[in-house]
Amino acid sequence: MQIGFVTCVDLSKYFYDKKQPLYTHDDAVVAEYLQSSGHQVMPVVWGEDPAKLQDFDVLVIRSPWDYMDSQENSNGFFEWLKKIEKNKIATSNTFALMSWNYDKRYLEDLESVEIPVIPTDYLLKDDSFDRCALNNHLNVRGPFVLKPCVSAGARDTFYFKTPADIEKMSAPNTSSIKDFSIWRGNREFMIQPFVDSISEVGEWSLVFFGGEYSHAVLKRPPVGGWLVQDEYGGSVVSLDPPSEVKESACFASNKLFSHSKKWFGKEQHPLYARYDLVFYESRWCIGEIEMIEPELFFLQRSDAGNTVNKRACELFLKSIESLQK
């Protein structure tokens with residue numbers, strides 16, 4: 001197969017491979033594994049003319065992460081995906097699945113089929129939304145996290161513990177907010193209670209390929225912080241999850257498959273999916289299911305260094321090759 005790994009022009013903010021800077025260090029590992037198994041793998045920068053991509057058997061969306069740098073980029077990325085679909089170039093995951101996963105209001109679908117999720121309030125386009133409304137929410141509900149329904153990489157994600165936090169509106173990967181209404185734009189937002197256990201227990205990420213569980217990592221924020229992403233100082237360690245965490249992720253995966261035809265038009269397991277779980281009110285809840293361009297951790301993280309997760313590479317290969325059937 002000829003496989004394209006969809007990426008972006010500049011990965012310098014992330015953990016890119018120094019020999020192949022259009023790949024992350026994880027994707028470089030699995031690309032090499034696929035090539036050793038007889039496949040051709042090449043980086044494809046999103047935005048490339050679809051007419052030049054007709055020879056690819058599949059485009060695998062891996063690290064097009066600058067698409068969340070601006071609303072213009074975000075719109076451009078999905079317009080490009082639409083053109084890819086119109087030109088009948090296969091993508092994994094499918095365009096319909098990614099469209100469903102793009103807006104985090106999919107959490108409402110998960111909750112409707114009894115998948116435990118973090119309770120979420122939504123601020124829609126016509127809802128009153130300013131600093132006063134945020135303060136009211138803080139007074140009634142207590143500390144909370146605010147983020148856009150369409151977001152990635154913690155951009156425009158805020159943790160509000162006090163009114164002073166709301167006044168300064170400071171967050172990593174976010175420019176200074178001078179005009180609240182302009183910053184808000186036409187975007188919809190979600191409000192979730194701050195989950196204290198993330199600081200104490202951490203957040204588990206479990207990776208599935210073709211519906212089959214592969215591996216997991218435990219992510220923790222830095223001391224005094226609250227974001228778990230390693231680019232913000234969080235720690236990531238490869239570990240076997242507790243049985244109840246794995247059972248919760250498998251339950252969600254099975255539910256996703258059983259409702260896949262309704263939600264994204266075809267009964268299918270995602271080629272890849274990452275289930276992020278946190279402990280909230282005495283149970284493990286889905287924080288997010290990442291199926292567009294998640295980190296998949298093909299490198300096993302440990303204090304001794306990173307090693308190749310061969311089982312993950314094998315399952316990924318198996319999922320890719322299943323597309324030919």
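What follows draws every value from the coordinates through simple rules; no lab data is involved. This one's a predicted model, so the numbers in the text were calculated from it and none came from an experiment. Cβ atoms come from the backbone with ideal geometry, glycine included; neighbour counts cover every protein chain shown.
Annotations
- Take every DSSP beta bridge whose two residues both sit in region 2-92; close to 5 percent of them are antiparallel.
- Extension reserve of the SER197-SER128 stretch, reckoned as 0.36 nm per residue once the Cα distance is removed: 21.8 nm
- Here the Kirkwood formula, the inverse mean of 1/r across different C-alpha pairs, assigns region 2-92 a hydrodynamic radius of 13.4 Å.
- Annotation: amide H-H contacts under 5 Å for TYR16 (H modelled 1.01 Å from N, sequence separation of 5 or more, or interchain): HIS25.
- Whole-angstrom gap from region 186-254 to region 53-79, using each part's C-alpha centre: 24
- Label zone (VAL9, point 7 Å along Cα-to-C-beta; backbone nitrogen cut-off 19 Å) within region 67-99: 67-81.
- Computed on the Cα atoms alone, the convex hull of the chain gives a volume of 141 cubic angstrom per residue.
- Karplus-derived 3J(HN,Hα), 6.51/-1.76/1.60, for each residue of region 300-312, Hz, glycine and proline x: 6, 8, 8, 4, 7, x, 9, 10, 6, 8, 5, 4, 4
- One decimal place: the segment ASP69-LYS82 gains 2.7 nm when fully extended, by the rule 0.36 nm per residue minus the C-alpha distance.
- When shorter helices are ignored and each DSSP H run of at least 4 residues is given -39500 (n - 2.57), the per-residue value for the chain at 222 nm works out to -9000 deg cm²/dmol.
- DSSP bridge orientation in the chain - percent antiparallel, rounded to nearest 5: 75
- Under the convention that each Lys and Arg Cβ holds +1 and each Asp and Glu Cβ holds -1, the size of the dipole of region 203-313 around its Cα centre is about 360 debye.
- Once the Cα atoms are used to define both axes, helix 71-86 deviates from the longest principal axis of the chain by about 30 degrees.
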